[in-house]
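Asks: Here it is, the structure, as structure tokens.
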Amino acid sequence: MIDHVQVACPPGGEDRERKFFGDALGWEEIPKPPALAVRGGCWFRVPGVGGPSGEIHVGIEDDFRPALKAHPAFVVDIDVTATALASAGFAVTWADSEEIPGRRRFHSRDGVGNRIEFVAAQ
């Protein structure tokens with residue numbers, strides 16, 4: 001299990017990230033320690049399949065550019081997650097099933113444009 005992964009967002013981008021990770025995905029926002037909270041950003045618990053699988057930390061980056069290639073990938077209930085994101089207005093781009101045979105997966109962009117992958121449990 002991974003403790004956490006971090007993605008970046010621009011100053012003031014926390015609400016857009018909350019709409020993606022919190023509202024659309026339903027992931028619980030967890031409080032940042034006070035010494036880190038002053039830096040901005042937000043953290044979410046990743047529910048995973050079969051129990052929590054870590055956290056995603058959203059940090060502030062002054063010279064922000066969305067990650068268009070590098071990305072975290074999360075094991076999820078793939079159909080429920082795709083439906084939730086699409087219903088919330090986030091694009092869902094299914095990957096070619098021939099790229100990784102036997103793995104259903106798709107990509108989306110978080111609230112600030114970072115690439116995020118979602119993979120079906122095996």
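The values are calculated or read from the model by the stated rules, or taken from the named source; none is laboratory data. This structure is a prediction, so every number in the text was calculated from the model and none was measured. Ideal geometry is used to build each Cβ from the backbone, glycine not excepted, and the neighbour counts take in all protein chains shown. Accessible surface is based on the protein model in full, side chains and every heavy atom, while ligands, DNA and RNA are left aside. Shrake-Rupley method; radii C 1.70, N 1.55, O 1.52, S 1.80 Å.
Asks: Residue separation times 0.36 nm, minus the C-alpha to C-alpha distance between ILE60 and VAL80: what's the value?
Replies: Using 0.36 nm per residue and subtracting the Cα-Cα distance, I get 4.3 nm.
Asks: Quote the accessible area belonging to VAL38 in square angstrom, nearest 10, computed with a 1.4 Å probe and with ligands, DNA and RNA left uncounted.
Replies: Around 130 Å² of this residue is reachable by solvent.
Asks: Any chance you could look up the accessible area of THR93 with a 1.4 Å probe, heavy atoms only, rounded to 10 Å²?
Replies: 80
Asks: What label, among [x] 41, 18, 12; [y] 33, 17, 14; [z] 24, 16, 13, belongs to semi-axes √(5λ) of the Cα gyration tensor in Å computed from the structure on display?
Replies: Correct label is [z].
Asks: Excluding the sites themselves, what is the longest stretch of the chain that contains no GluC sites (Glu not before Pro) in a DSSP loop with at most 11 other C-beta atoms within 10 Å?
Replies: Values: sites that count: GLU98, GLU99.
The segment 1-97 is the longest one with no such site.
Asks: If one takes the longest principal axis of the Cα atoms in the chain, at what angle in degrees, from 0 to 90 and to the nearest 10, does the Cα axis of helix 78-87 lie?
Replies: 60
Asks: For the chain, give the magnitude of the charge dipole about the Cα centre (Cβ charges: +1 Lys/Arg, -1 Asp/Glu; no others), in debye to the nearest 20.
Replies: With only Lys, Arg, Asp and Glu charged at Cβ, the dipole is about 60 debye.
Asks: Counting other Cβ atoms within 10 Å, which chymotrypsin sites (Phe, Trp or Tyr not before Pro) in the stretch 26-79 have at most 16 and lie in a DSSP loop?
Replies: When the chymotrypsin sites (Phe, Trp or Tyr not before Pro) of the stretch 26-79 are filtered for loop state and at most 16 Cβ neighbours within 10 Å, PHE64 remain.
Asks: Let me ask another. Tell me the relative contact order for the chain as a rounded percent, counting alpha carbon contacts under 8 Å between residues six or more apart.
Replies: About 29 percent, as a whole number.
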